[in-house]
Amino acid sequence: MSAKYIFVTGGVVSSLGKGLAAASIGCLLESRGIRVNLMKFDPYLNVDPGTMSPFQHGEVFVTDDGAETDLDLGHYERFTHAHLSRDNNWTTGRIYEQILAKERRGDYLGKTVQVIPHVTNEIKAAMKKVAQDVDVAIVEIGGTVGDIESLPFMEAIRQMRQELGRENTLFVHVTLVPFIAAAQELKTKPTQHSVKELLSIGIQPDMLLCRTDRFLSKELKSKVALFCNVEEEAVITAKDVESIYEVPLVFSREGVDVLVLRYLHLEARDRDLRQWEELVHRVYNPKDEVRIAIIGKYVEYEDSYKSLKEALVHGALAHNLRLHASWIEAEGLEAGQHACEEQLRDFEGILVPGGFGKRGIEGMLEAIRYARLNKVPYFGICLGMQTACIEFARNVCGLADANSSEFDPATTHRVIYKLRELRGVEELGGTMRLGQWICRIEPGTLAHRIYGKDEISERHRHRYEFNREYEGTLTAGGLRISGSTPDGTYVEIIELSDHPHFIACQFHPEFKSKPLEPHPLFQAFVGAAHEHGHRRHTEREQVELEMFHRPGRW
Ligand code: GLN
């Protein structure tokens, strides 16, 4: 049987959570034993988001095969078992790149190359490729209906319905039903307009996921159904929830999966969402909380670190904890240890995540020094490992001008330098060390205790590496290299032995963490932070008690 397709489009405004909606539908279908794959088309002209600013685009999600993709793929992986690759994310730029290469090769010889059929054919071929070996392919079209640049994708999905018929294709439209305070009413007009826009390009949606902050009444649903020409049952209340992991449950209560099965003529077993229900129960019933400081420079743009934030949540949920993660502006810590004491003293764990460029580095170094000296659990990721090595080289090994050549190319002690394989490579697109690489872990280390394995594979995205010429100096000072590539070329994990929990890795473990399979490094870090907080709390109480009993004190 060939696969069926669910096309997810969005209307009215952007940021309605199309990606989460697609992922949640995938999750629901999997809970009924249906095999799914998910893909996203982004209508912009960049070949991939790899060279785009995190302010513009948010996180770049990296797949095992080293593709730099849209952050919605992170949702797909966290909510389903789909194994994603560069085939699961296409931009207009990449589609055109492919077509232009064919044109230059002479593949279209004699023909005029046009949007229809050449571009649309290329888009359809990409969809069909991910639909192999699954029952349902969920295809998300980025952007909002009405955008000029998304038209070829809309046309391609219109053609897919034409080719494959109603039983094999389903159009899901995510829209907004805002509550207007002045009128004390939910308004359906934007949804009506958005559907009209879709109709004008030949697409009649089958299901409307209405983003709203309250339940849509039966009357309202029937009004939307009438005006938008969908069944009343197919007007779904996609109500805002506190935790994204509740979305599949919200959809299941609205009967989304039942409708999908009916529309697509699919047979499936009963849904089994017990694991998700149990997870959501934990989200809302934590036994305690944990406070983590994330030191970064893109603080006001949480989207830049979507997977990181989720991985921390997963780590916290594994211990039944509520996560309080605060973003601390790295530049604000440059004043030194006083500034750190002032801003970081109430946190139980400190994390320096990945990042690029010089801004904020000195502040990160101060935060790391603070974590090292005060025995606060530290977790460094990518840039957070590189800065941990620099801090150690400067403040423990006495190499005052230790640095990365990324921040100071002229420094004498380049503890971090450009990847040897990248020397001379000037092009920026797709040229980093990307994707999955194997790392061998040293027995007897914290890393080994955490993973419980000798060999792991994790995802990378970096241009600089630890300079092994400094290995002797740093290890003599007490730093331990606990993970390296099997051939010994690259340092992958470092840690400090005289610290309760100080570990940093060159890879990005956040990309592989899932709510139902929390990543061991995040789980261990959050656990250590919580323990540290508990210990500190007891110590502070002890001090207060002693003060109280000290004669003459009061
Ligand atoms: N800027 C550093 C490098 O290119 C770190 C990259 C990262 O944190 N993703 O190696």
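The values are calculated or read from the model by the stated rules, or taken from the named source; none is laboratory data. Because the structure is a prediction, the values reported are computed rather than measured. Cβ atoms come from the backbone with ideal geometry, glycine included; neighbour counts cover every protein chain shown. When the accessible area is computed, the model is the full protein with side chains, heavy atoms only, and any ligands, DNA or RNA have been set aside. Shrake-Rupley method; radii C 1.70, N 1.55, O 1.52, S 1.80 Å.
In the set 262, 274, 291, 269, only one residue is out of contact with any Leu (no Cβ under 6 Å at 6 or more places or on another chain), farther than 15 Å from residue 28 by Cα and among the basic types (Lys, Arg); that residue is 291.
Does the stretch 301-313 contain any residue that is under 30 Å from residue 281 (Cα atoms), more than 16 Å from the ligand (Cβ to nearest atom), of a type outside the set (D, E, K, R) and surrounded by 17 or more Cβ atoms within 10 Å (Cβ to Cβ)? Yes - at least one qualifying residue is present in the stretch 301-313.
Looking at the stretch 406-424, can you tell me whether even one residue there is touching a residue at least 12 places away in the same chain (Cβ under 8 Å), more than 16 Å from the ligand (Cβ to nearest atom), open to solvent by 20 Å² or more (accessible area, probe 1.4 Å) and within 29 Å of residue 292 (Cβ to Cβ)? Within the stretch 406-424, not a single residue is touching a residue at least 12 places away in the same chain (Cβ under 8 Å), more than 16 Å from the ligand (Cβ to nearest atom), open to solvent by 20 Å² or more (accessible area, probe 1.4 Å) and within 29 Å of residue 292 (Cβ to Cβ). Look through the stretch 442-458, keep the residues that are outside any helix (DSSP H, G or I) and surrounded by 21 or more Cβ atoms within 10 Å (Cβ to Cβ), and return whichever of them is farthest from the ligand (Cβ to nearest atom). Among residues in the stretch 442-458 that are outside any helix (DSSP H, G or I) and surrounded by 21 or more Cβ atoms within 10 Å (Cβ to Cβ), the one farthest from the ligand (Cβ to nearest atom) is 456.
A Cβ distance below 8 Å, combined with a sequence gap of six or more or placement on separate chains, defines the contacts here; from the stretch 22-45, residues that are at positive phi reach residues that are surrounded by fewer than 24 Cβ atoms within 10 Å (Cβ to Cβ) in the pairs 33/268; 33/269. Tell me whether the stretch 120-138 contains one or more residues that are open to solvent by 10 Å² or more (accessible area, probe 1.4 Å), over 28 Å from residue 428 (Cα atoms), modelled with pLDDT under 95 and not β-branched (Val, Ile, Thr). Scanning the stretch 120-138 turns up at least one residue that is open to solvent by 10 Å² or more (accessible area, probe 1.4 Å), over 28 Å from residue 428 (Cα atoms), modelled with pLDDT under 95 and not β-branched (Val, Ile, Thr). Residue-level analysis places residue 489 among those that are of a type in the set (Ser, Thr, Tyr) and open to solvent by 20 Å² or more (accessible area, probe 1.4 Å). Please specify each residue of the stretch 143-160 satisfying the condition of being open to solvent by 10 Å² or more (accessible area, probe 1.4 Å), assigned to a helix (DSSP H, G or I) and in contact (Cβ under 8 Å) with a residue 60 or more places away in the chain. Those that are open to solvent by 10 Å² or more (accessible area, probe 1.4 Å), assigned to a helix (DSSP H, G or I) and in contact (Cβ under 8 Å) with a residue 60 or more places away in the chain: 149, 152. The residues of the stretch 1-30 that are under 24 Å from residue 151 (Cβ atoms), part of a loop (DSSP other than H, G, I, E, B) and touching a strand residue (DSSP E or B) at 6+ places or on another chain (Cβ under 7 Å), listed by number, are 11, 12, 13, 16, 17. The numbered conditions (1) loosely packed, with under 15 Cβ neighbours inside 10 Å; (2) within 16 Å of the ligand (Cβ to nearest atom); (3) of a type in the set (Ser, Thr, Tyr) are all true for residue 326 except (2). How many residues does the stretch 162-184 contain that are open to solvent by 60 Å² or more (accessible area, probe 1.4 Å) and in a loop (DSSP other than H, G, I, E, B)? So the answer is 3. Look through the stretch 509-528, keep the residues that are under 14 Å from the mean Cα position of the chain (by Cα) and open to solvent by 20 Å² or more (accessible area, probe 1.4 Å), and return whichever of them is nearest to the ligand (Cβ to nearest atom). It comes out as 512. When you go through 355, 380 one by one, which is the residue that is surrounded by 20 or more Cβ atoms within 10 Å (Cβ to Cβ), within 27 Å of residue 528 (Cβ to Cβ), modelled with pLDDT under 95 and within 13 Å of the ligand (Cβ to nearest atom)? The conditions single out 355.
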